[in-house]
Each structure stands twice: as structure tokens, then as C-alpha cells.
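Notes for the one structure printed next.
The values are calculated or read from the model by the stated rules, or taken from the named source; none is laboratory data. Please read all numbers here as calculations on a predicted model, not as lab measurements. For neighbour counting, all protein chains shown are included, and Cβ atoms are generated from backbone atoms with ideal geometry for every residue, glycine included.
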Amino acid sequence: MADKHCVAIFGGAVAGSEAVEQMVKRGVHVVVFDQNALPYGKIESGLPKWHVKLRDKQEKKINERLSQPNVQYVPLCRLGKDLSFEDISKNWGFSAILLATGAWKDRAFPLQKIEHFLGNGFYYQNPFVQWFNLCHDPAYNGPDFEIKENAAVLGGGLASIDVAKILMIETFRAAIAKLGHNLDSISIERLGLRKAADSIGVDIDSLNLKNCNIFYRRRIIDMPLSPDPVSGNEDDLKKSQAVRQKIVSLAEDKFLFKVNECQSPVDLIVENGKLTGLKMQKNKIVDNRAMPIEGEISEVETHLAISSIGSIPELIPGINSDGEKFELEDASTGKLKGFENVFALGNAITGKGNIKESQKHGRNVSESIIRDYLGVTGGDDHRSEYEFKTGILDQLKPVSSYIDQSNPLSDEELSEIKNRVSELQQKVSYNNFEDWIKRNLPARLENMGE
């Protein structure tokens with residue numbers, strides 16, 4: 001017990017829990033801080049609630065990792081608010097600090113004056129999806145979101161399709177409720193709107209549903225729904241583009257929304273202080289860029305616009321930023337510029353809400369830190385002396401790095417960290433991980449018979 005390292009990980013979801021796994025395998029103590037009660041990140045709040053099996057699988061994996069003996073969990077602790085970065089980096093004595101804080105903040109919409117209608121005609125995707133995931137829970141006390149027909153989803157990709165699906169599912173549920181019918185959103189998503197209507201003996205056309213619209217600045221075949229081929233081969237690219245077109249066509253048919261390509265919002269239409277429409281610029285693709293077509297501006301009627309143009313990490317006071325992301329010294333390891341022992345990983349770097357991307361990056365960065373920074377090799381040999389190494393990369397020289405030796409934490413230093421952690425846990429009445437999860441897990445729609 002004399003030779004120890006202790007690592008702080010902010011964010012316990014996909015990348016954070018992957019980092020926990022890699023650290024614990026080598027005997028490193030880990031403290032996981034999470035700004036939410038639950039450590040699931042976008043798996044809980046951003047993955048629409050019809051993904052029951054995927055959600056449960058990922059959350060089970062996180063639970064297994066965070067409930068291990070050498071892991072302490074601190075919920076409801078937001079870096080930069082409840083705990084300053086300066087304090088954690090200078091005073092706590094962690095061997096390393098990993099930022100797996102995710103990309104959960106919506107990118108600001110470029111048409112800034114639309115912010116005037118925030119909450120009343122304009123929503124951002126992340127809080128909207130979070131509301132949808134929790135609104136069935138009787139204990140939910142967050143903001144409400146009003147669904148309006150003929151809504152406009154601004155953006156592209158799978159997240160935008162999810163938003164359109166939510167809009168149409170909730171519009172459908174409201175329409176059949178007027179006829180005395182009730183179907184839960186998970187069943188409707190599984191069946192699609194037409195089959196769902198058939199299942200209760202309702203003619204879908206008689207509902208007179210107004211479809212919502214996705215407006216994407218590029219072509220449908222450019223939407224980030226499937227990866228571009230690594231080969232760069234023209235035939236492979238066409239196959240990938242065909243897959244994207246098919247994904248959109250199937251979703252449009254099943255959920256009765258429409259994707260409008262090569263259109264960008266350039267202005268608002270406002271009447272009596274309310275948003276009533278958008279002015280859309282028609283684009284053309286030139287050298288793989290969306291370019292406006294002069295004089296091609298149309299008006300679109302809508303009373304609800306939802307921005308779905310991507311998520312970014314929330315910047316933290318005390319950490320330098322490079323635009324929307326943390327400023328890195330080494331992108332391959334996630335090492336932050338200006339700090340010896342602070343790293344970012346997962347969606348905090350990629351800006352993607354993709355589970356596999358986050359997990360892959362979390363594993364790669366964790367292994368790099370363990371190998372090159374903590375000096376641990378051979379994950380199965382827990383008798384090894386864990387050495388704290390500081391690697392500095394000199395990009396101006398042919399041989400660009402060296403490693404300084406440093407002592408691991410003493411028992412007294414490790415005990416001090418654990419005492420600080422215990423104080424934070426007591427503030428939120430945290431007892432143990434399993435009990436905390438049971439007390440804070442929201443009601444599951446599939447178990448309620450909505």
C-alpha cells in the first residue's frame with residue numbers, strides 16, 4: 001500500500017468509465033467526479049429513450065466499472081462551479097487529472113437574434129431531448145417543452161433525425177389522445193406512425209398530421225450518417241452516399257417528416273413579437289462547400305425551430321481553450337497545453353456524441369497516460385512500482401521528449417485525498433455507489449405502461 005497513484009476523472013460516462021477501467025487494472029486509485037447525480041452523461045440524457053437495450057447495456061458497464069473497490073464516486077460536483085480547476089490541480093495532489101466532461105453543450109446558433117425566442121419558439125437540441133427522456137417520470141421537475149406542428153429542425157445528422165422523430169412521435173401521441181387512444185413513445189418508435197395508427201384502428205390520414213422539416217445546408221448524401229470510405233475510392237464514396245440517402249428515405253417514410261437539403265436559415269419572420277417563420281437561403285455545393293445561390297431565398301412558415309448543429313465541450317475557467325475546445329499540447333494523448341498532468345479524452349476532444357468514438361478515444365488516451373506518464377507497463381503485474389513520470393514533448397527538436405522520475409503518493413497523501421472526497425460525498429448524502437444509483441435512477445417508461 002506504500003506505492004500508489006491516484007487519478008481524478010471528471011465525467012463518469014463512456015470515456016470516463018473506460019479510463020477508470022484502464023487505471024484500476026493497474027492498481028491506480030481513481031476518484032470520479034460527475035456534475036450530474038448519475039454518471040451516464042448523454043447515454044441517459046441524450047440517447048432517446050427508445051434505445052432501451054443500448055442504454056441499459058452501457059449503463060450496466062459503467063456501473064460495473066465505477067463500483068470497483070479502488071474507485072470513489074463524487075456526484076453533483078461540477079468542475080468550475082462546485083470545485084475550481086485551480087484548487088483541484090494545485091491543492092489536491094492527484095497524480096493526474098483526466099477531463100472526460102463530454103460535449104453536452106449546444107453549439108451557439110449562428111443566427112444570434114433567434115436567441116430572443118429561446119424557450120418560446122426556439123429550443124436547443126440537448127435540453128429538448130433530455131426533457132423527452134424524462135417527461136414521463138412523475139418526479140420530473142425540469143423545464144417543459146411545447147411541441148408544435150410543422151416545426152423546423154435546423155441541422156443534419158443522426159441527432160437531427162432523432163429530434164424530428166421525437167417531434168412526430170409526440171405530435172402523433174397528442175392526435176390519437178384526442179380520439180381516446182394512448183400509445184407509449186417506445187412502441188410508436190418501434191412500429192412507425194403508420195403501423196402504430198393501424199394497431200389502434202385509426203386511419204393515419206384522418207389525423208391530418210403536419211410534418212416537421214429538417215433543413216440541412218448541404219445535400220442529403222453529405223449528411224454525417226455514415227463514415228466516408230477510408231479508401232477514397234469514388235465507387236466506395238457513392239456506396240456510402242447511397243446508404244445515407246436510404247437512411248433518410250426510410251426515416252422519412254416511417255415517421256412522416258421531410259428533409260430539405262441545401263438550405264440555411266438567414267433571417268427570422270416575426271409577427272406580433274412571435275416567431276412565425278424563417279427565411280431560407282438555397283445553397284449549391286462547390287468544391288465540397290455549401291455556397292449560397294444569389295437571389296434564391298424562400299420563406300418557411302414555422303412556430304418552432306430547434307437547433308441541432310452539434311455539441312461542444314463546456315469550457316472550464318482556468319483551462320486555456322482553442323476556439324470551442326480545450327487547447328492541447330498533444331492531440332494523440334489529449335495532454336492539455338500548460339499542464340504537466342492534465343489530459344482530456346472522449347467527447348471532450350472529439351465533440352461527438354458517439355459512444356464508440358468516445359470509448360475508443362478514452363481507451364487510447366488512458367493507455368498512453370498509463371504507459372508514458374504514470375510509467376506502468378504490463379497491466380497484469382500489480383506488484384510493479386507505479387512511477388509518476390512527466391513527459392515533455394519538444395516539438396522543435398528531432399528527439400522531442402524526455403521523462404522525469406517522480407515519487408508516487410504516500411499513504412498520508414492518499415489518505416488526505418480520500419478525506420476530501422468523503423467531505424464532498426457527505427454534502428450530497430452519498431453513501432455507496434449501488435445505493436446512490438438506486439435512489440437517483442429515474443422511472444423507466446418501459447416499466448410504467450405509459
Quick one: which strands (runs of 3 or more DSSP E) lie wholly within segment 193-290 and hold at least 1 residues that are aromatic (Phe, Trp, Tyr)?
213-215
Tell me whether segment 388-406 contains one or more residues that are modelled with pLDDT of 95 or more, part of a loop (DSSP other than H, G, I, E, B) and polar (S, T, N, Q).
no
When (1) under 23 Å from residue 112 (Cβ atoms); (2) free of Cβ contacts under 8 Å to residues at least 40 places away in the same chain are applied to residue 213, the one that fails is (2)
I'd like the residue in segment 21-38 that is farther than 17 Å from residue 127 by Cα and modelled with pLDDT of 95 or more and, out of all such residues, is nearest to the chain's Cα centre (by Cα).
34
Might you let me know whether segment 129-145 holds any residue that is over 30 Å from residue 277 (Cβ atoms), among the polar types (S, T, N, Q), in a loop (DSSP other than H, G, I, E, B) and without any contact (Cβ under 8 Å) to a residue 24 or more places away in the chain?
yes
Reported set for segment 44-78 where residues are within 20 Å of residue 169 (Cα to Cα), among the hydrophobic types (A, V, I, L, M, F, W, C) and surrounded by 19 or more Cβ atoms within 10 Å (Cβ to Cβ) is 47, 50
Can you tell me which condition residue 190 does not meet? The list is (1) in a loop (DSSP other than H, G, I, E, B); (2) charged (D, E, K, R); (3) out of contact with any strand residue (DSSP E or B) (no Cβ under 9 Å at 6 or more places or on another chain), and all the others hold.
(1)
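Among the listed residues 278, 336, 304, identify the single one that is out of contact with any strand residue (DSSP E or B) (no Cβ under 6 Å at 6 or more places or on another chain) and either farther than 26 Å from residue 110 by Cβ or assigned by TED's automatic domain parsing to the domain that holds residue 214 (or both). Break it down stepwise before answering.
Details: 278 fails: out of contact with any strand residue (DSSP E or B) (no Cβ under 6 Å at 6 or more places or on another chain); 336 fails: out of contact with any strand residue (DSSP E or B) (no Cβ under 6 Å at 6 or more places or on another chain).
That would be 304, the only listed residue that is out of contact with any strand residue (DSSP E or B) (no Cβ under 6 Å at 6 or more places or on another chain) and either farther than 26 Å from residue 110 by Cβ or assigned by TED's automatic domain parsing to the domain that holds residue 214 (or both).
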Only residues in segment 77-90 that are closer than 18 Å to residue 426 by Cα count as the first member; pair them with residues that are in a helix (DSSP H, G or I) and of a type in the set (Phe, Trp, Tyr), Cβ under 8 angstrom, at least 6 apart or cross-chain, and list the lot.
79/85
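Do we have residue 35 as in contact (Cβ under 8 Å) with a residue 24 or more places away in the chain, crowded, with 17+ Cβ neighbours inside 10 Å, of a type in the set (S, T, N, Q) and assigned to a helix (DSSP H, G or I) here?
Answer is no for this residue.
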